[in-house]
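Single-structure report; data block below.
None of the figures in this text is laboratory data; all of them are computed from the coordinates on show. Given the structure is predicted, the values throughout are model-derived calculations rather than measurements. Positions of Cβ are generated from backbone atoms using ideal geometry, with glycine treated the same way; all protein chains shown enter the neighbour counts.
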Amino acid sequence: MTGFLHSIDSLSTWVGKSFGWLILVLTFGTCYEVFMRYLLNAPTTWAFDFSYITYGALFLMAGAYTLSRNGHVRGDVIYRLWPQRVQASIDLTLYIIFFLPAVIAWIFAGWQFAKMSVQFLEVSIFSPAGVPVFPLKALIPLTGVLLLLQGFAEVVRCIICIRDGAWPQRLHDVEELESAILHEKEFQRQQELEAQQTQTSVKGA
């Protein structure tokens, strides 16, 4: 089961990191617009559309990746004080009542929305450049499918935690600074304890 969960996590990670490169594209596009607008006094007609389409694609396709890393915003002031079985029970209830129905509705509504946009080869109405927006809208149902798949993995994690009393291990490729500092301190404390034990053993000998 762990391998199955990690395979879903890996898919979400691959998609999220692939679309993460859009940050560079967005940065270069914005810098180009600033250069043209303020230095050459020749603003582009596509910069606004380019920015929201690029950021929108990044935002949509990073959702499942963020969920796989348990990185979405959570009011954990009280949550983190609960036993892990209670945490999992609360999460499982919320996934079933709110998350899964909302994502399924997202897929069905997004499919109709994207289908119409692709059929008409929809372009932006906000600038004379006529920048295509149908590729962005085509990502909406795909985002829903990825979220549904990752949500299923999270539901399985909740069930495992309720059964075993501990959260199953996740794939980790990034770590918050606070967690890294805590782990480093724990490692240093462990080394100090081992050094003290070694000194005690030497003295005893």
Task: Two-site label geometry, Leu148 and Ile78: point separation in nm, points 7 Å out along Cα→Cβ - done: 3.3 nm
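What longest region of the chain stays clear of GluC sites (Glu not before Pro) that DSSP places outside H, G, I, E and B and that have at most 12 other Cβ atoms within 10 Å?
Here the longest run is 1-174.
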Open item on the list: Between Ser18 and Leu171, what is the label-point separation in nm under the 7 Å Cα-to-beta-carbon projection?
Closed with: 1.3 nm
TODO: Please return the longest stretch of the chain lacking exposed loop sites, where trypsin sites (Lys or Arg not before Pro) count only if DSSP places them in a loop and at most 10 other Cβ atoms lie within 10 Å.
DONE: 81-205
TODO: Let me know the charge dipole size of the chain about its Cα centre in debye, to the nearest 20, where only the beta-carbon of Lys, Arg (+1) and Asp, Glu (-1) is charged.
DONE: 300 debye
- [ ] Would you please give the residues with an amide H less than 5 Å from that of Val123, counting only those at least 5 places away or on a separate chain, with H modeled from the backbone geometry?
- [x] Val133
Task: Virtual paramagnetic centre 7 Å along Cα→Cβ of Phe126, amide N under 13 Å, in the range 57-89 - done: 57
TODO: Round to the nearest 0.05 the FRET efficiency obtained for Ser7 and Tyr55 when R0 = 25 Å and r is the Cβ-Cβ distance.
DONE: 0.30
